[in-house]
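Each reported figure results from applying straightforward, stated rules to the coordinates on display, with no laboratory input. If you're wondering where the values come from, they're calculated on a predicted model, not measured in any experiment. Glycine gets a Cβ as well: all are built from the backbone with ideal geometry, and neighbour counts include every protein chain shown.
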Amino acid sequence: MMERVLLLHRQVETSPPFQHIARSSSLAGVCSPHPQAPVAEANPEHKAVQWQREPDTPTPTPTTITTQPPLCRPPLFRTLVFCLFLDKLFCNGHQNSVDNPALLKPSHVWSWAVGSRSSGTYSPEPSHYSTEEEGKEARMKYLKLGTKPDTFYRDDSKRSVLSDVPCDLIIQINNARYQLHKFPLLMRCGLLQRLCPDSDDSREAKTLALHDIPGGEAAFELCAKFCYGIVLNLGAKDYIPAICAAKFLKMTESVSKGNFIIKLEYFFNKCILKGWKDSIITLKTAAKLKGCSENLGIVHRCTAAVIEKILTHPSKVTWCFTYSRPGFPVNQRREAPRDWWTEDVSELNLDHFRVIISAIRSAKEIPPPLIGEALHVYSCKHLPDPSGPQMKESTCSKSQDTLSRQRIVLEAIVNMIPVEHGSVTGGFLLRLLKIADLAGASASTKAELIRGAGRQLHEMGLKDLLFLSASKPETHDIDLVEAIVENFLAQFRRPMMQQEDAEGMAISMRKAATIIDSYLQVVAHSASIPPSKFAGMLESLPEVARPQHDDLYWAVDTYLTEHPDLTKEEKKLLCRAIDCRRLSAESRSHAVGNDRLPLRTIVRVLQAEQEATAASSPPAAAAWGRAKSAVASRVRRRSWSEKSGGRDAEAAEG
């Protein structure tokens, strides 16, 4: 007790602001906080005074102290009376925990004592871990400070503290006006000591404007409540606003032992950096105070902690994380999945996400497909869904700032895609390509996506290729698909092709042909695709890609059905890609009676059917000969009608 009194005595005698407060007449009239402990001025007869301790402690034997007249009292006695009163009135709950190092050590995994009166508790979140030890490490941490109830109240823009002492310090922050007291704030804040000169003896409240404090009103209120000893429960989301505001107010150890900064820094080092969710939430809040958090090194240290945990083997992951993949057995698992970190990291700012991805790529401990999965999750979180029915309408209604942010995110994701083959799926690349087309991304970004998608054309599905044109939303962008096919073929034009590469090329070609033929059957219904463009897509793949031409035939037949006004030359152009010898018997039977096909194509179908029948058996060939004669007579009648129609048309023109 005497050590504390001597310490407070030195602070009062050596600090001019405190001398000014001690002399302040506004505080002199309320120096009787407890009836058991009256001050000397309240005893004009100068009789013996019985000093007693607080009721919550054992009452010692009363001690008689003979008082002296006010003007003759020793300075130590005046300091004792004054400091005991103000300490009880304002600062109850903030004893110096730094004086006792044992008070700063965690008592167990998720509890932390920050002082002899106030203890810090890490309130855990519900965990889905099976063992108690894992659950202790998984839960988020919270720091509890102070013991007094929250006495801050608000009246519109005014905010005050319930107290019998009139306010003598007004803090203006933006539209908020805080009516506070000098003593608790000046005892902890070095900045306020400098702004409140000791020569100011005015009884009027001092007004200070702190509009540029980091974190604004909310951060200042945390610091003010700490000074008053009010209960605070600080989590990871509160750390950066609190530490930035505390640094701004200079709440350092040189001003007061056990100040706000040292408690926050210990909480950061021992709790936030060791937790997964805590580090992620701290990085998320750092985006709001980017300059201050980077200058203090918070972002760098949190990023390093996140990277270290990502590189941890899944069998050693014991902390809580977000994982919403369907079919994942949460309650029965014993080891975290390989991509356990992707969803939490996707919540971060683009700059922080890019630093993390670059670091884990440089470490070369995470496989490229896992990095590609993280990019996929991040794009789903921060980019729109291009397959949505209202995508085009929402794109038109978006502001330029929104589209600009989407382009920045898109281009950053494209630049972070690993160069290794198979690191991302072809469907993901085409999804990015659709967004790039609708958001107006740069030509280089589109070209990079087209090259990547072309190398994986054989791995895609039909829905991936159904692009809508940015200029004409009701039509399909067949030019883009044609560019993808061209890049797909470019990878097989290498001068040195080994035998095993040729076999893989044939398999990839057949898969790509199946996808392209299905695509052509869908876009054949579009009335805006010219015959020349459709014919170019029919002939885009080499002959080795299609062992059978049935799908190709049905695509051409669909186009002829949807476009009945085609000329004879356009029909011949479309049917030129069909090899009638590669048609099945069902397709040949349909083609023979198809009046939409040109006569030359029907004749080729008949020849192919005759060859296939002759190879099968002689009786079947004879039966096919009789059927061929009937078909040939029908073909001659159709040819004669076309010629006669042509002559009638010429006569009419003459």
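Peptides 565-576, 211-222, 428-439, 448-459 ranked from most to least packed by the mean count of surrounding Cβ atoms within 10 Å: 428-439, 448-459, 211-222, 565-576.
Give LYS472/LYS533; LYS158/LYS206; LYS237/LYS270; LYS288/LYS364 a once-over and call out the pairs whose C-alpha atoms are over 24 Å from each other. Those over the limit are LYS288/LYS364. Label separation (SER532 vs GLN491): 3.1 nm, computed from points 7 Å beyond Cα along the C-beta direction.
With only the Cα atoms considered, the stretch 201-260 has a convex hull volume of 114 Å³ per residue. Distance between the modelled labels on THR151 and ARG510, one decimal in nanometres: 8.5 nm (7 Å Cα→Cβ projection). Relative to its Kirkwood radius, the Cα radius of gyration of the stretch 544-613 gives an Rg/Rh of 0.94. In whole Å, how far is the Cα centre of the stretch 403-447 from that of the stretch 213-264? If we compute the Cα centre of each part, the gap is 43 Å.
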